[in-house]
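Data block below; observations after.
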Amino acid sequence: MTKPGKFIVVEGLEGAGKSSAIATIRQWLQQQNVQVVCTREPGGTPLAEKLRNLVKQVDNDEQLAPQTELLLMYAARVQLLTNVIRPALNRGDWVLADRHDMSSRAYQGGGRQLDEQLINNLRSTVLGNTRPDLTLYLDIDPAVGLSRAAARGELDRIEQEQLAFFVRTRQKYLQIAATEPDIVSLDASQPLEIVQQNIINALQQHFKGQADG
Ligand code: Z5A
């Protein structure tokens, strides 16, 4: 019988360095001879990518209600879990995700201050038993992360939020990371080479002897 794959998630505010972290982890996994499927959220299937465009685009004619934003995130997540993540894990592939459920808890729960019970109900319905084996949370001061993101050009709808929104989002990220054992928090303000080394150390420690194809 195929050994089920492992599910790794990278989380953090914009500009935290998730893309660089994903590249580092992908390379490490390939060196361990495991098949890797990379995902991003919201997105990762044709329909989920359409939902991604809806949540990111600036629409001056109609504001997206916070609850609608939350539901769109979970709608995109159902598509991705059903069509990509669960099939990959069942095949024995490893899944490497650029954002997942922790983003909704932090952005919609912390940033938008939506009701935790509502989010928890959606989580249990949508996620079922599919939970990450390891989440690497890249912690960055929002002002630093946003200035890195702004250097890339135009900001999307969520990136245009006030600093206070990202401060609340980070607080929620830190609060969750402090209480859940499969989440490792890394200081993303350090130079890239140090962050990369810390990522490799966390992977080696967490998956000792498990990433052997
Ligand atoms: N969202 C949500 O609200 N709820 C949800 O449930 C989900 C998502 C799933 C997705 O946008 C948006 O949706 C996001 C959260 C919300 N919105 N916001 N705001 P996205 O996927 O387009 O954007 P992102 O996830 O925030 O990606 P990003 O801005 O590209 O961040 P990143 O991938 O972490 O950054 P990066 O590209 O790796 O690095 C940014 C720059 O910093 C780049 O030039 C790097 O070279 C540089 N960098 C990286 N690390 C370092 C270090 N250590 N030192 C110096 N410079 C560095």
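List pairs: first in segment 159-171 and farther than 12 Å from Tyr107 by Cβ, second open to solvent by 60 Å² or more (accessible area, probe 1.4 Å), Cβ under 6 Å, 6+ apart or cross-chain?
none
Take Arg112 and tell me if it is among the basic types (Lys, Arg), over 15 Å from the mean Cα position of the chain (by Cα) and over 25 Å from Thr24 (Cβ atoms).
yes
Which condition from (1) under 20 Å from Asp141 (Cα atoms); (2) surrounded by fewer than 19 Cβ atoms within 10 Å (Cβ to Cβ) is the one that Ile200 breaks?
Failed condition: (1).
The values are calculated or read from the model by the stated rules, or taken from the named source; none is laboratory data. The structure displayed is predicted, hence computed values, not measured ones. Backbone-built Cβ (ideal geometry, glycine too); neighbour counts: all protein chains shown. Quick note on the areas: whole protein, heavy atoms, side chains included, nothing else; ligands and nucleic acids left out. Shrake-Rupley method; radii C 1.70, N 1.55, O 1.52, S 1.80 Å.
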